[in-house]
Every structure is written in C-alpha cells, then in structure tokens.
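Chemist: The following block contains the structure, expressed as structure tokens.
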Amino acid sequence: MRRGRTDRDTRRVRRAAVAAVGVVALAVLTAGCKVETVGAAEPTALPAEAPPRVTDDAEPGGGPASPSATPPPTPSRTPGARPSPQPSTLMSVGDRSERVRELQARLRQIGHFDRSPTGYYGSATVASVQSFQGKRGLSRTGRTDTVTWERLLAMTRKPTPKELDPPAAGPAAVKPDARCMEGRVLCISKNSRTLAWMIDGRVVSSMDVRFGSQYTPTREGTFSVYWKSRHHVSTLYDSPMPYAMFFSGGQAVHYSSDFAARGYNGASHGCVNVRDEGKIASLFAQVRNGDKVVIHW
C-alpha cells in the first residue's frame, strides 16, 4: 500500500517537473521574440542593412553597387589625356614688322623668297610660306604659325643686316644718268626699276620702284619736287599715297602697299611706287622741295 502510493507520488512529481520545464521553455521563447522586436525599435540597436539605392548624384566609393544598377558611363577618352593645342598664328597677310622682314630673309636663304625683304606680308610672302610648308609636309595655309616658324628657325641662321636690308642691284651695276651726277637728285631708272637718292654723284640710298601702265605711263625727263605730303590721299582715285613727293602734276614718288603686296604684277596710275616703307620714310625726311628728279631709261 505504501509502495503504491510512493510510485504514484513519483509520477506526479515527474509530471510536475515536465510541466515546469515546458513553462520555462515557453517563457524563454516568448521573451526572445519580444527582445528582438523591442531591440529593433531601440535607437542604439543596429538596423537591418538595406540594399544600396543608386542615385544620379551618388558619391563614388560609397559601397558596392546593386547588381541591377546601371553601370557608370565609360569616359570618352583616357583620363588625363588632353588634345594637342592648335598652333597659333604669328604672322599673316597685312602684317608689317621687322619680324616679317626676318621671315622673308630666312625664306630667301633657302630659296623660297626671290626678292629683297620688305617687312610687309603680302601675296608674295604668302606664296613663299606655302612653298616652304608644302616641302616640309605642313598645312599650306600661307600663314606663319608657331610650327612653321620653329621649323624655319631650325633650318636657317640669323640674317645679317645686309640680308635684312640689301641694296638695290641697279645703281651699283648701272652707271647713273649724267643728269644725276650733280646736286641732290632722285635718280630713277625705268630700265633697272630702281630709285637712287644721290648727292653730288654719290648714292646715299636706293630702292625698288615700279611705274605706270601703258595706259597711264610715268613721265620721263627732268623735274623737281614741288610739294611733299606725308599722309596724302589721291583725290582722283581715293587711294592712300603715303610719303608723297610730287614732281609733275599729279605724279609723285610715294609708298605703295599694293606694290609691297603684289610686286610687279601691278602698276601705278603714273606715279613712282616704292614698296619698302622704311626706306621711303627715311628718304621723305631727307628730300627737300626743289630737289631734282630725273626719270630715264
């Protein structure tokens, strides 16, 4: 009787123990879920990591991109690469300077300019530069850019004063007209196309000149300077006639930008054109009213 009661008590104890364990386990599980929920709302808890969101203004290096994100555009050129700078123009048509004179003298050294330097960048200089550029595989622009100038400098030497300002060939080779041997004379030869400024038979300076066409010929004979006009403009043709020294009616010795640009491809309306502005400016300062002018063959 006692033993049967003891067995029953033992079984009740065991059932109570099992029930207690179940209650404890249930309490633990319930508590665990509650901690996770509460912890997610706590400011100090780490939030679950969300997948990165791709935006147009995202900073580079902000984390791995989503596999579905659009890849960044490929640069059109290698980073750091720069296009080659275009050569800049140093001299071109219409320029007038000592640098142009040096350009012409250097071109003449290597056979690309067949006349005396004038310092004026006209059509003859354009053609000479184009010839030089074509021989060296450069673009035949006719303009002297940095590439053309550097190539020319490498092939030539610094011009001497005589190369920059050579005397005209005529007066040295041709005997002056007898009327030019006395006094102060502008001795002008149509044969050699030169003007020699002479004082008592000595050539002080000389320069290239051109004359009128067959329809507007330059008069020949002995004259004298009767009027000087530094900034003259023709009232008949409305064209500039700088450093004009009138000797016969409307005919004068003067500087011609057209002669400087086109050379002997053109002609005057009867005047004696000079293409070297520096030389005629110096001549204009020396000549006086009343000085003789002789035009001859």
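Any read-out appearing in this document is the output of simple, stated calculations on the displayed coordinates, not a laboratory observation. Being a predicted model, the structure only gives us computed values, none of them experimental. Virtual Cβ from ideal backbone geometry, glycine too; neighbours counted across all protein chains shown.
Chemist: Which of 192, 133, 122 sits farthest toward the positive end of the charge dipole of the stretch 109-224, with +1 on the Cβ of Lys and Arg and -1 on the Cβ of Asp and Glu?
Modeler: Farthest towards the positive end: 133.
Chemist: Charges at C-beta only: +1 for Lys and Arg, -1 for Asp and Glu. How large is the resulting dipole of the stretch 194-277 about its Cα centre, in Debye rounded to 20?
Modeler: Details: 7 positive and 7 negative charges, 13 e Å.
It works out to roughly 60 debye.
Chemist: Under the Karplus relation 6.51 cos²θ - 1.76 cosθ + 1.60, θ = phi - 60°, what is the ordered set of whole-Hz ³J(HN,Hα) values for the stretch 248-254, x standing for Gly and Pro?
Modeler: For the stretch 248-254, the Karplus-derived couplings read 8, x, x, 8, 8, 8, 7 Hz, x marking Gly and Pro.
Chemist: Given Cβ point charges of +1 (Lys, Arg) and -1 (Asp, Glu) and nothing else, what value in debye, to the nearest 20, does the dipole of the stretch 125-279 about its Cα centre take?
Modeler: Computed about the Cα centre, the dipole is about 400 debye.
Chemist: What's the ranking of 93-101, 263-271 by average number of surrounding C-beta atoms within 10 Å, highest first?
Modeler: 263-271, 93-101
Chemist: Take the alpha-carbon positions of the stretch 108-202, form their convex hull, and give its projected area averaged over all directions (one quarter of the hull surface) in nm².
Modeler: Hull-based average projected area comes out at 7.5 nm².
Chemist: Would you mind calculating the gained length between residue 203 and residue 156 on full extension (0.36 nm times residue separation, minus the Cα-Cα distance), in nm to one decimal? Mind dumping the intermediate values first?
Modeler: Numbers: separation 47, 0.36 × 47 = 16.92 nm, distance 3.16 nm.
Result for the pair: 13.8 nm of gain on full extension.
Chemist: What is the packing order of peptides 149-160, 133-144, taking the mean over residues of other C-beta atoms within 10 Å and listing the highest first?
Modeler: 133-144, 149-160
Chemist: Output ³J(HN,Hα) for the stretch 221-232: one whole-Hz value per residue in order, computed from phi by the Karplus curve 6.51 cos²θ - 1.76 cosθ + 1.60 with θ = phi - 60°, and x for Gly and Pro.
Modeler: x, 10, 9, 9, 6, 10, 7, 10, 9, 5, 10, 6
Chemist: Mean separation of Cα pairs under 8 Å and 6+ residues apart, divided by the residue count of the stretch 96-242: what relative contact order is that in percent?
Modeler: It comes to 13 percent, rounded to a whole number.
Chemist: Moving on to the next point. Quick one: of 190/228; 158/228; 228/279; 135/279; 135/190; 162/190, which pairs are farther than 27 Å apart, Cα to Cα?
Modeler: Where the Cα-Cα span goes over 27 Å, the pairs concerned are 158/228; 135/279; 135/190.
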